[in-house]
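To start, the structure under review is shown below, and the notes come after it.
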């Protein structure tokens, strides 16, 4: 059961990510990104991190996806601009080769340096709002306040950038 | 489902994001590829959190999510400002600050 869910989620995540980077129509790419984000939320559920799975669906698949789709429709650019040249063979080839080297090195690090094992049994409180919230507000309190300040700055910055004239 | 399997999925997703950033020209597609990369990192964080049965990794993933929201808001605002200026979101046409 767990294994079949893992296989289905893996296929969904990788295929939807490939559609995002390959499809010319950006609306299709955005919807495919939504599928990718939901499949990642599925992985979080498989890993017993319910709270993060819920956040993933609300924040990513909800807020960020709506923002991206909203901008795509506001600017009316389903297609990448006609003037856009396809990437040169050197750029495309080098990008794919670099990514392949990255996968090879990291795969070697993951499989070569460790012996295969299963996840240990999680403690009953693992992944609940209580366990994450306790650590968040006890050990990472200042980081939490700093990131809320960052959100305010980003909000003001976004309004300033997108406004025609102040 | 092993920790290695999850980490391999995370690595492949990150590599796909890298390919998207390096080979595409549309600014919004590049932003979406960056989101894929951030999600791949998040997946690795949660896998390690589960492996060591400690919520720290989930807290980091929480911070990355917040960061991604801020990045998306500012990035899309820049895309809108850019579109007003150039009638296009092609990153190749942004050569004003190139020497």
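Normalising the average separation of contacting C-alpha pairs (under 8 angstrom, six or more residues apart) by the number of residues puts the relative contact order of chain A at 19 percent. Placing a label point 7 Å from the Cα of residue A:92 along the Cα-to-Cβ line, the residues of the range B:15-36 whose backbone N sits under 12 Å from it are B:23-25. For chain B, the longest principal axis of the Cα atoms and the long axis of helix B:27-51 meet at an angle of about 10 degrees.
With each label modelled as a point 7 angstrom along the Cα→C-beta vector, the residue A:125-residue A:111 pair spans 3.8 nm.
For the range B:1-93, relative contact order (Cα pairs under 8 Å, six or more residues apart, normalised by length) works out to 30 percent. Each of residue A:63 and residue B:94 was given a label point 7 Å from its Cα along the Cα-to-Cβ line. The distance between the two points is 2.3 nm. Under 1.5 on a/c is rounded, so check that first for the range A:1-80, then, if it is not, pick prolate when a/b is larger than b/c and oblate when it is not; a ≥ b ≥ c are the square roots of the alpha carbon gyration tensor eigenvalues. Oblate.
Would you mind pulling out the separation of the Cα centroids of the range A:31-53 and the range B:22-50, in Å? Cα centroid of the range A:31-53 versus Cα centroid of the range B:22-50: 13 Å apart. Ordering B:19, A:20, A:8, A:103 from the fewest to the most neighbouring beta carbons within 10 Å gives A:8, A:103, B:19, A:20. Using Cα pairs under 8 angstrom and six or more residues apart, how large is the relative contact order of the range A:1-80, in percent? It comes to 33 percent, rounded to a whole number. In terms of surrounding Cβ atoms within a 10 Å radius of their Cβ, A:3, B:16, A:45, A:55 rank from fewest to most as A:3, A:45, A:55, B:16.
None of the figures in this text is laboratory data; all of them are computed from the coordinates on show. Treat the numbers as computed from the prediction; the structure is a model and nothing was measured. In this analysis, Cβ positions are derived from the backbone assuming ideal geometry, glycine residues included, and neighbour counts consider all displayed protein chains.
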